[in-house]
1. Taking the stated definitions as given, is P73 modelled with pLDDT under 90 and either of a type outside the set (S, T, N, Q) or part of a helix (DSSP H, G or I) (or both)?
2. Considering only the range 43-53, I want to know if a residue exists there that is part of a helix (DSSP H, G or I) and loosely packed, with under 15 Cβ neighbours inside 10 Å.
3. If a residue must be hydroxyl-bearing (S, T, Y) and within 26 Å of T200 (Cβ to Cβ), how many such residues does the range 141-179 contain?
4. Inspect the range 27-50 for any residue being at pLDDT below 90, touching a Leu at 6+ places or on another chain (Cβ under 7 Å) and within 30 Å of A214 (Cβ to Cβ) and give the result as yes or no.
5. For the range 114-133, give me each residue that is farther than 17 Å from M51 by Cα and touching a residue at least 40 places away in the same chain (Cβ under 8 Å).
6. Looking at the range 155-202, which of its residues are surrounded by fewer than 19 Cβ atoms within 10 Å (Cβ to Cβ), polar (S, T, N, Q) and not in a helix (DSSP H, G or I)?
7. Could you identify the single residue in G152, G125 that is at pLDDT 90 or above, more than 21 Å from G86 (Cα to Cα) and assigned to a helix (DSSP H, G or I)?
8. Based on this model, can you work out whether V85 counts as surrounded by fewer than 19 Cβ atoms within 10 Å (Cβ to Cβ), of a type outside the set (K, R) and under 24 Å from M158 (Cβ atoms)?
Amino acid sequence: MLTHENEKNPKKAPFKSTPLGLFRTPAMRRLTISLSMSWFSSSFSFFAIAMDIQRFGFSLHLIQVIFGSAEIPLRILSTIIAAYVGRRFAVSLFLIFSGVLILCSLAIPSDLIVLQLSVTVVAKGFLGSSMLCAYLYTAELFPTELRQTGMGFTNMMMRLGAVVAPLVMITKAYAPLIPLVVFGIAPILCGLPILWLPETLNSHLLDTVEEVEARGQNSTSKKKKELEFGTKL
């Protein structure tokens, strides 16, 4: 039997997890778009480098061993940074640094193959480390009721980056510098918005979209108070 109190406070309908829920509120839109850009750019540039290793003129098997060996210490470094410094900083740092290294490789003379290879190896390792940290950061940012949906959507954007990368590589036939410029700029532009997302290190996981919105509002009000305080001084 329904009491008068139950009639006033009916039971909340179960939340339906759909991709549209990722864009329904301002805070969720900011999370989804920023993380999607991060996933897209890291995969976009990562697979582009992997497809262009024959330009160094060495054995493909040797190059693969070099790339794989170099990624091991970088993955360990990324784990340490994410665990002790912060997930947000790790994802953004590795994305931006990888883009800078790709752009720097354009300035290296063609006869310095070993230097070009070294810079490219580190850039690819940074991109892989960014994806490693992004798995943890993405899962911690999305609320429980949209966590699997958010992970699926951002991973779809990662696959989209891998699909688009070969299309950009085609432009190399017309202008050799265009692909590297695009693959270098993309991680830098997509790594910067991550710095404006909340940090999840030593934080509780959120369960609902309402909690995500409340966190966004608290962060905004805190920044406003800090600005007001600074103005008064």
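The values are calculated or read from the model by the stated rules, or taken from the named source; none is laboratory data. Model, not experiment: these values are computed from the prediction. Every residue, glycine as well, gets a Cβ built from its backbone with ideal geometry; the counts of neighbours run over all protein chains shown.
1. Details: modelled with pLDDT under 90: no; either of a type outside the set (S, T, N, Q) or part of a helix (DSSP H, G or I) (or both): yes.
Considered against the rule, which asks whether it is modelled with pLDDT under 90 and either of a type outside the set (S, T, N, Q) or part of a helix (DSSP H, G or I) (or both), P73 comes out as no.
2. Start the filter on the range 43-53 by keeping residues that are part of a helix (DSSP H, G or I), which leaves 43-51, 53.
Now drop any that are not loosely packed, with under 15 Cβ neighbours inside 10 Å, which leaves 51.
Among the residues of the range 43-53, at least one is part of a helix (DSSP H, G or I) and loosely packed, with under 15 Cβ neighbours inside 10 Å, which makes the answer yes.
3. Taking the range 141-179 as the starting set, the residues that turn out to be hydroxyl-bearing (S, T, Y) are 144, 149, 154, 171, 174.
Next, from what is left, pick out any that are within 26 Å of T200 (Cβ to Cβ): 144, 149, 154.
Number of matching residues: 3.
4. The answer is no, given that none of the residues of the range 27-50 is at pLDDT below 90, touching a Leu at 6+ places or on another chain (Cβ under 7 Å) and within 30 Å of A214 (Cβ to Cβ).
5. The initial filter retains those residues of the range 114-133 that are farther than 17 Å from M51 by Cα, namely 114-115, 129-133.
Across the range 114-133, the qualifying residues are S129, S130, M131, L132, C133.
6. Of everything in the range 155-202, just one residue is surrounded by fewer than 19 Cβ atoms within 10 Å (Cβ to Cβ), polar (S, T, N, Q) and not in a helix (DSSP H, G or I), namely N202.
7. Working: G125 fails: more than 21 Å from G86 (Cα to Cα).
Going through G152, G125 in turn, the sole match is G152.
8. Working: surrounded by fewer than 19 Cβ atoms within 10 Å (Cβ to Cβ): yes; of a type outside the set (K, R): yes; under 24 Å from M158 (Cβ atoms): yes.
So V85 fits the description; yes.
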